[in-house]
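Colleague: What follows is a single structure, and I will ask about it in a moment.
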Amino acid sequence: MDLTTAQPKDRTQAGFIPSPAETLKHQLLATLALHRMAATHQLHVLLRPDRSRQSVSEQLNDLFGEHLVGFVVLPKSHRTRVWYLTPKGVRLTRDWPALRGRPPYPITSATAASLRTPHTLTVLRTHLAFVADARRRGDEHGHLDWTPEAFHAIGDGERIVADAVMHYTLIEGQQRRKLRAFVEVDRATMSSERLAAKLIEYARLWTYEPQPIGRRQRAGGPGWLRWYPVFPRILFVLTGAGRQAMNNRISDLKAMAAHHPLVADLAREVPLGAAVLDDLEEHGPTAHVWVPLAGGDCRPWTQL
């Protein structure tokens, strides 16, 4: 029997070559795994702003039929659905490369989802302001460049939980500038003093050096070097109160940066800023809407 075969004229004839592009369903599952939950319109803006919302809803309904996602309906919202992963969806996504090391925190009921909805959706709303601005400017910042609930040890068995860590690539001509930020989203649900005290926790993270394990091991410098080449800037985004109340909270943040010794040292080395969420959405994060906590005029977050 002659087993000789003709060589294919091109690679497509040699067999199926999978596309490197992720499907919308894959992106929806990854986004829900990362952000915990999201409203339909948020997923539309984040993933497919150039297509109809219906096209996103259809894919979500398919995933719901496969028992990979669930949803709750927000009250007084024209039946807006907020989606989250089911335990089956969590199991499916936990080993995806973009999500490795991400604690799953599965939401096992609609009641559990409802309790987390206000803060989670507001943090995602903040992310969308940066995504929209990046698209307008031609910068790089996508749905996987924002990690909510980032935990870091600060010593004495304690840890700080950032509302989000943002990765952003600023495009300036032929130059690519990689920026990182810890983002704190304040909905005015805690006292202004507790909000300002968050800066002390970041100052502790900035100075914290883990103790080496074993006599022969040497300390490797600050613990944050395990994750970041430079310490991320710290951005406070305020909402949920009147303009004067939010201005007062920003003043308290500035006072902490000026008078607390550890925070003052941090403020001399790390950019710190605060802005109102409505201003980010109306003008964009790269507008002059950020108050530098170390003093000075309002400016873009990239110039703090």
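We did not get these values from a lab; they are worked out from the coordinates using the rules stated. Bear in mind the structure is a predicted one, so any value in this text is a computation, not a measurement. Quick reminder, even Gly has a Cβ in these numbers, built from the backbone with ideal geometry, and neighbours come from all protein chains shown.
Colleague: On a 0 to 90 degree scale, rounded to 10, what angle separates helix 192-207 from the longest Cα axis of the chain?
Modeller: That helix lies at roughly 70 degrees to the long axis.
Colleague: Once you list every other residue whose beta carbon is under 13 Å from the beta carbon of D139, what net charge do they have if Lys and Arg are +1 and Asp and Glu are -1?
Modeller: After counting each charged neighbour, the total is +2.
Colleague: Say we join alpha carbon atoms closer than 10 Å with springs in a Gaussian network model of the chain; which of A153, A132, A257 then has the biggest fluctuation?
Modeller: Maximum among the listed residues: A153.
Colleague: Based solely on its DSSP helices, what 222 nm [θ] is calculated for the chain when runs of n ≥ 4 H residues each add -39,500 (n - 2.57) and the sum is averaged over all residues, nearest 500 deg cm²/dmol? Can you show the working numbers first?
Modeller: Numbers: 10 runs with 121 residues, N = 304.
So the helix-based figure for the chain works out to -12500 deg cm²/dmol.
Colleague: Ok, one more. Q54 to T207: FRET efficiency via 1/(1 + (r/R0)^6), r the Cβ-Cβ distance, R0 41 Å, to the nearest 0.05? Walk me through the intermediate numbers first.
Modeller: Working: r = 51 Å, r/R0 = 1.25.
Between Q54 and T207 the formula returns 0.20.
Colleague: So what's the gap between the Cα centers of segment 156-215 and segment 251-298, to the nearest angstrom?
Modeller: With segment 156-215 and segment 251-298 each reduced to a Cα centre, they are spaced 14 Å.
Colleague: So, one more: Modelled label-to-label distance, T169 and R135, 7 Å Cα→beta-carbon offset: nm?
Modeller: Label-label distance for T169 and R135, simple model: 1.9 nm.
Colleague: How large is the translational diffusion coefficient of segment 23-108 in µm² per second when you combine the Kirkwood radius over alpha carbon pairs with Stokes-Einstein at 37 °C and 0.692 mPa s? Mind showing how you got there, number by number?
Modeller: On the way: Rh = 13.0 Å.
Here the translational diffusion coefficient equals 253 µm²/s.
Colleague: Then there's this: For Cα pairs less than 8 Å apart in space and 6+ apart in sequence, what is the mean separation divided by the residue count of the chain, i.e. the relative contact order in percent? Mind dumping the intermediate values first?
Modeller: Working: 449 pairs, mean separation 35.8, N = 304.
Relative contact order here is 12 percent.
Colleague: Another question about this same structure. Here are a few candidate values for Rg/Rh (Cα atoms, Kirkwood Rh): (i) 1.04; (ii) 0.99; (iii) 0.94. Which one was actually calculated from the structure I just gave you?
Modeller: This structure yields the entry labelled (i).
Colleague: Efficiency by 1/(1 + (r/R0)^6): what FRET value for A255 and R226, r their Cβ-Cβ distance, R0 = 30 Å, to the nearest 0.05? Let's see the in-between values first.
Modeller: Numbers: r = 32 Å, r/R0 = 1.06.
FRET efficiency, A255 to R226: 0.40.
Colleague: So, one more: Most fluctuating residue of P261, P148, P212 in a GNM of the chain with Cα springs under 10 Å: which is it?
Modeller: Of the options given, P212 has the highest mean-square fluctuation.
Colleague: Could I ask something else about it? Sequence-distant or interchain residues sharing an amide H contact under 5 Å with L238, placed H: which?
Modeller: For L238, the qualifying residues are D186, A275, V276, L277.
Colleague: Report the FRET efficiency, 1/(1 + (r/R0)^6), for R268 and I200, where r is their Cβ-Cβ distance and R0 is 25 Å, rounded to 0.05. Write out the running numbers ahead of the final one.
Modeller: On the way: r = 16 Å, r/R0 = 0.62.
The computed FRET efficiency comes out at 0.95.
Colleague: Another one. Identify which of D279, D139, D95 has the largest mean-square fluctuation in a Gaussian network model of the chain, with springs joining Cα atoms closer than 10 Å.
Modeller: Judging by the Gaussian network model, the answer is D95.
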